[in-house]
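Notes follow once the structure below has been shown.
The values are calculated or read from the model by the stated rules, or taken from the named source; none is laboratory data. These numbers come from a predicted model, not from an experiment. We place every Cβ from the backbone using ideal geometry, glycine too, and count neighbours over all the protein chains shown.
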Amino acid sequence: MKNMPIGVFDSGVGGLTVVRSLIDRLPREHIIYLGDDARGPYGPRDPEEVRRFAREIIDCMLGFNVKLVVIACNSATAAALEEAQRDYNIPVVGVILPGVRAALGRSRNRRIGVTGTVLTIASGSYERAIRRLDPRAEVFSRACPEFVDFVERGEVDGEHIVEIAKGYLAPMAGAGVDTVILGCTHYPMLVELIQRIVGDGVALISSADETAEEVEDILERLGWVRNDNSVGRRYFLATGDAERFTELGQMFLGPEVKEVIEVSFDARPELSFD
Ligand code: DGL
């Protein structure tokens, strides 16, 4: 098991922020990342449809003998995590609970803002997870549907996005939250802008690091940490355009995104791991 890869997927490039944290924390692990950019973004889609996509991707990952799957997408976590954890017999990790734990660890006044896609916010997944861990917490949620497109256009500041962001975030800032969860893979690209709007005293939580920590905990508990001395292999697969994925992927992850392989679910590429 130790030498098997970790499978990570998202609706596109956003989940690469989680891969960044995984590489930093677990550099020896082999990683396969699949970005479903042909069908992403998932945020505006129906949860049932996203559940079906997630299942298709996890089945594909199992074909590569992954030892653990990370659903590195808030929308797909909201739609599919519970079912995936029930139906697959390898560990499946989502990004919502790690973010919630981090937020509750940071908040002093227990007033927590949650931002995310329409699907994520409508699912109530963050609210439920927060209340389960701290029934006294107050949650102020807001879908921020336009952020993903802005980030993917590389427009992370400027008059237009500032106006939109104020509309989304001013109400939760006014409600006195001291912690805001960036409940979407793209929002860490907007931290400077979001911080300006909610104020310096508000902690912004992105779940990438906490998710990587959870993966490490699980692998350690199972005795599945790869302990070979070599750096792990990383493969980047995309269901859509590899060129666009590479360009955006470098913005989310860094120079490690070099070769991107275009995949379809009925023709799996050969990937080798030693
Ligand atoms: N990865 C998605 C998420 O974290 C954002 C992009 C999308 O809508 O698919 O919710």
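Listed values, structure above:
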item: Options R20, R25, R101: the member that is within 25 Å of L204 (Cα to Cα), within 16 Å of the ligand (Cβ to nearest atom), among the charged types (D, E, K, R) and out of contact with any Phe, Trp or Tyr (no Cβ under 7 Å at 6 or more places or on another chain); result: R20
item: Residue match in the range 215-223 (condition: modelled with pLDDT under 95 and under 21 Å from the mean Cα position of the chain (by Cα)); result: no
item: Strands (runs of 3 or more DSSP E) enclosed by the range 130-208 - at least 3 residues per element that are within 14 Å of the ligand (Cβ to nearest atom) and in contact (Cβ under 8 Å) with a residue 60 or more places away in the chain; result: 179-183
item: V66 vs. criteria buried (at least 17 other Cβ atoms within 10 Å of the Cβ), within 16 Å of the ligand (Cβ to nearest atom) and of a type in the set (V, I, T); result: no
item: First in the range 107-128 and under 21 Å from L190 (Cα atoms) and part of a strand (DSSP E or B), second anywhere and near the ligand (Cβ under 10 Å from one of its atoms) and of a type in the set (S, T, N, Q), Cβ under 7 Å, 6 or more apart; result: G116/N74
item: Enumeration of residues in the range 212-239 that are among the aliphatic types (A, V, I, L, M) and in a loop (DSSP other than H, G, I, E, B); result: V225, V231
item: Number of the exception - I205 against (1) closer than 23 Å to G63 by Cα; (2) buried (at least 19 other Cβ atoms within 10 Å of the Cβ); result: (1)
